[in-house]
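Okay, structure first, notes after.
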Amino acid sequence: MSTRTKLWLVPALLYGIFVFWYTDFSGPLSDNEVDQFVATMKANGSEPETIAFIQKFARQDSGRQFLMVNNIDMNESPPNVEGAEPGESASKLMGRYMAHMIPALLARACHPVLMGSAVYPTMDLVGIEGAEDWDQAALFRYRSRRALLEIVTNPAFNGKHHFKTAALDKTIAYPIETSLYLGDPRLLLGLILLALTALVDGWRLSRRQLNN
């Protein structure tokens, strides 16, 4: 195998490994998988309305990745909650929740896409009351609905979710499937590896020509 072939093969293999890990190739959730998640939620003591809502979301699975859109208004005076110190701020309570969520997300190739603080009240509001003021917004990428359900049906999730609800005054969170997503790491990594490999390959070829 030539040096040039190795030069292009190594980044191609690295990219393939990343895509294999980052992408859920299992397709939409099967009926059996949904039934198993539903049984787990029942065993965890989830409310029937919650189970029915999540079950419908699961059975409509397309098998694709999705982004969770989050609008967040933090509670300025959160209540005391079990497992936290009395008088903890909303940011500390949210930190307790995210300390569980971030490892669970990253283990399944799920991650934050962007996070930021609001710099002004809502500038366009139609048909919603009490939604003028928000503190933060965030986008989280989920590899699939399968990954989300693996997280939320884990009994450990129930033991941490109350930190989030106590930290919030109000929130809106809903999933979207992208039709345009230029920040997809598979695209970015592919372009970076292609550019770097091409630069190294070009540098090698120019050196060879100079030496000849």
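A few remarks follow.
- Dipole magnitude of segment 53-147 about its Cα centre (Cβ charges: Lys, Arg +1; Asp, Glu -1), debye to nearest 20: 1020
- What the phi angles of segment 177-186 give under the Karplus curve with 6.51, -1.76 and 1.60, with θ = phi - 60°, is a coupling list of 9, 7, 9, 9, 8, 6, x, 4, x, 5 Hz, glycine and proline written as x.
- Counting heavy atoms of the protein chains alone, Val119 has an accessible area of about 140 Å² for a 1.4 Å probe.
- Positive-end residue, the chain charge dipole about Cα centroid, Cβ charges, pick of Thr3, Gly16, Gly27: Thr3
- Nearest-10 value in Å² for the accessible area of Asp169, using the 1.4 Å probe: 100
- Principal-axis tilt of helix 3-22 within the chain, Cα atoms, nearest 10 degrees: 10
- Placing unit charges on each Cβ (+1 for Lys and Arg, -1 for Asp and Glu) gives segment 1-159 a dipole about its Cα centre, and among Gly95, Phe53, Gln65 the Cα reaching farthest toward its positive end belongs to Gln65.
- What you get for the chain, charging only the Cβ of Lys and Arg (+1) and of Asp and Glu (-1), is a dipole of about 1620 debye around the Cα centre.
- Amide hydrogen neighbours beyond the local backbone of Lys170, cut-off 5 Å, H modeled: Asp73
- For Lys92, the aspartates and glutamates whose Cα falls under 18 Å of its own Cα, not counting residues fewer than eight places away in the same chain, are Asp73, Glu76, Glu82, Asp135, Asp169.
- Accessible area of Met1 in the full protein assembly, 1.4 Å probe (Å², nearest 10): 150
- Computed over all pairs of different Cα atoms, the Kirkwood value for the hydrodynamic radius of segment 6-48 is 13.5 Å.
- Acute angle (nearest 10 degrees) that the helix 48-59 long axis makes with the longest principal axis of the chain, alpha-carbon atoms: 20
- The 1.4 Å probe gives accessible areas that order Thr178, Thr40, largest first, as Thr40, Thr178.
- Going through (1) -0.90; (2) -0.80; (3) -0.68, the figure that equals log10 I(q)/I(0) by the Debye sum over Cα atoms at q = 0.13 Å⁻¹ as computed for the structure here is (1).
- By the Kirkwood approach, averaging reciprocal distances over each pair of separate Cα atoms, segment 115-212 gets a hydrodynamic radius of 18.8 Å.
- For the chain, the solvent-accessible area of protein heavy atoms averages 63 Å² per residue (probe radius 1.4 Å; ligands and nucleic acids excluded).
The values are calculated or read from the model by the stated rules, or taken from the named source; none is laboratory data. If you're wondering where the values come from, they're calculated on a predicted model, not measured in any experiment. A quick note on method: Cβ atoms are made from the backbone with ideal geometry, for glycine too, and the neighbour counts reach across all protein chains shown. In case anyone asks, the SASA skips ligands and DNA or RNA and just uses the protein heavy atoms, side chains included. Shrake-Rupley method; radii C 1.70, N 1.55, O 1.52, S 1.80 Å.
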